[in-house]
Amino acid sequence: ASRFIMMNMDGKTVSAPPVRELEPVDRWILSKLNTLVKDATENMESFELGIAVQKVYDFIWDEFCDWYIEMVKPRLYDTDDAASQNAALWTLKTVLIDALKLLHPYMPFITEEIYCTIRSMEEDACGEAISSEEESIMISAWPKHREDRAFAKEEKDIEIIKEAVRGIRNVRNEMNVAPSRKAAVYVVSEDQGILHTFTEGKLFFASLAYASDVTIQKDKSGIAQDAVSVVIPGATLYIPFAELVDIAQEV
């Protein structure tokens with residue numbers, strides 16, 4: 001994860017974006033990190049060290065690496081939107097640095113090495129010296145829970161998209177469809193909020209769901225009768241059967 005972030009930050013000046021420029025997925029991971037900071041700190045102060053490190057481990061592996069990094073790749077590689085790329089890079093860097101700080105008591109040497117490398121990259125990119133308190137992870141400020149990083153709506157919205165991606169991947173696995181085979185995905189829901197959620201997350205949803213195209217609509221019009229369906233709370237996703245399998249080959 002650190003190598004991926006440093007590779008994309010190389011030579012770029014990454015600045016803190018206004019909240020309005022953060023996309024829902026950025027707010028989701030910051031909100032998840034915010035909750036982790038609160039919970040892990042409370043666990044450490046109660047000497048529940050095993051519980052604290054399990055929460056940090058689960059966050060880094062499951063939320064940050066498995067989901068967030070995969071979600072922002074299309075923004076870093078497939079778009080020319082400088083503001084969106086800056087927001088993604090700033091979020092990646094911010095979450096990584098706070099995660100390193102939470103992990104530091106358990107893994108002191110590797111966290112210090114990565115932290116100092118990122119700080120030196122920042123110095124080179126912006127030409128400004130980092131404050132003396134932040135030169136080393138050992139004397140840097142411990143992350144604090146912040147009310148302005150609590151985004152309950154975005155947490156709920158991204159979980160809906162994650163549920164849809166899991167459902168589509170399960171169906172594809174059951175049918176032995178190769179990841180390289182793309183297929184159109186139709187998102188059908190009468191809930192305007194869910195339709196808006198998928199519209200905002202369309203770019204990364206298409207990438208994670210191996211979709212050639214994503215169509216978001218209120219009813220089943222234009223969808224083949226033999227389409228494979230995936231049901232999630234508040235919506236149904238359809239994939240045309242003919243796009244998942246080679247029918248002649250199956251026969």
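The values are calculated or read from the model by the stated rules, or taken from the named source; none is laboratory data. These numbers come from a predicted model, not from an experiment. For neighbour counting, all protein chains shown are included, and Cβ atoms are generated from backbone atoms with ideal geometry for every residue, glycine included. We work out accessible area using only protein heavy atoms, side chains counted, and drop any ligands, DNA or RNA first. Shrake-Rupley method; radii C 1.70, N 1.55, O 1.52, S 1.80 Å.
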Pairs returned, first residue in the stretch 24-49 that is touching a residue at least 60 places away in the same chain (Cβ under 8 Å) and among the acidic types (Asp, Glu), second residue that is assigned to a helix (DSSP H, G or I) and open to solvent by less than 50 Å² (accessible area, probe 1.4 Å), beta-carbon separation under 7 angstrom, 6 or more apart or interchain, are Asp26/Ala87; Asp26/Ala88; Asp26/Thr91
Picked from the stretch 15-34 (must be at pLDDT below 90 and assigned to a helix (DSSP H, G or I)), the residue most open to solvent (accessible area, probe 1.4 Å) is Arg20
Lys12 meets each of (1) open to solvent by 40 Å² or more (accessible area, probe 1.4 Å); (2) under 30 Å from His196 (Cβ atoms); (3) of a type in the set (D, E, K, R) with one exception, condition (2)
Going through the stretch 159-183 in order, the residues found to be small (Gly, Ala, Ser), modelled with pLDDT of 90 or more and surrounded by fewer than 20 Cβ atoms within 10 Å (Cβ to Cβ) are Gly167
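Is it the case that Ser31 is among the small types (Gly, Ala, Ser) and over 25 Å from Phe198 (Cβ atoms)? Step through it out loud before you land on a result.
Numbers: among the small types (Gly, Ala, Ser): yes; over 25 Å from Phe198 (Cβ atoms): no.
So Ser31 fails the test.
From the list Arg166, Arg172, Arg181, which residue is in a loop (DSSP other than H, G, I, E, B) and out of contact with any Gly (no Cβ under 8 Å at 6 or more places or on another chain)?
Arg181
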